[in-house]
């Protein structure tokens, strides 16, 4: 890409956010917020789709595709590059946030299934 003012501004802002989230507490809080957002989405999506009772199968398919794409993005890159998977040192912040969102969504869907089964 060309070295324009807009490109320099965007790169500077992204670098600033990267330095700001390098702090371990901010990093952990962002991952925790993503986990809680996934938990909220996991309870809100079935409730909304369940009211109309038309898009249950489509919604479930979309959620499965979403979780599989995130799993492929997070775990597939490490395996291809030969990086170690221990800890989160090799992962980017985006990969950790998306993985936490996926974990919260999956956990909440299991909780909703237990509530419907009882």
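The values are calculated or read from the model by the stated rules, or taken from the named source; none is laboratory data. What you see is a predicted model, and the numbers here were worked out from it, not measured in a lab. Every residue, glycine as well, gets a Cβ built from its backbone with ideal geometry; the counts of neighbours run over all protein chains shown.
Against the conditions (1) modelled with pLDDT of 80 or more; (2) over 21 Å from the mean Cα position of the chain (by Cα); (3) assigned to a helix (DSSP H, G or I), where does residue 3 fall short? Just the number, please.
That leaves (3) as the condition not met.
Give me the pairs, please: first residue somewhere in segment 5-29 and without any contact (Cβ under 8 Å) to a residue 40 or more places away in the chain, second residue anywhere and outside any helix (DSSP H, G or I), beta-carbon distance under 9 Å, and either six or more positions apart or on two chains.
Here the result reads 7/1, each pair linking segment 5-29 to a residue that is outside any helix (DSSP H, G or I).
Residues of segment 21-54 being over 20 Å from residue 111 (Cα atoms) and not in a helix (DSSP H, G or I), which ones?
The answer is 21, 22, 23, 54.
Of the numbered conditions (1) loosely packed, with under 15 Cβ neighbours inside 10 Å; (2) under 24 Å from residue 101 (Cβ atoms), residue 12 fails exactly one; give the number of that condition.
Checking residue 12 against (1) loosely packed, with under 15 Cβ neighbours inside 10 Å; (2) under 24 Å from residue 101 (Cβ atoms), the one that fails is (2).
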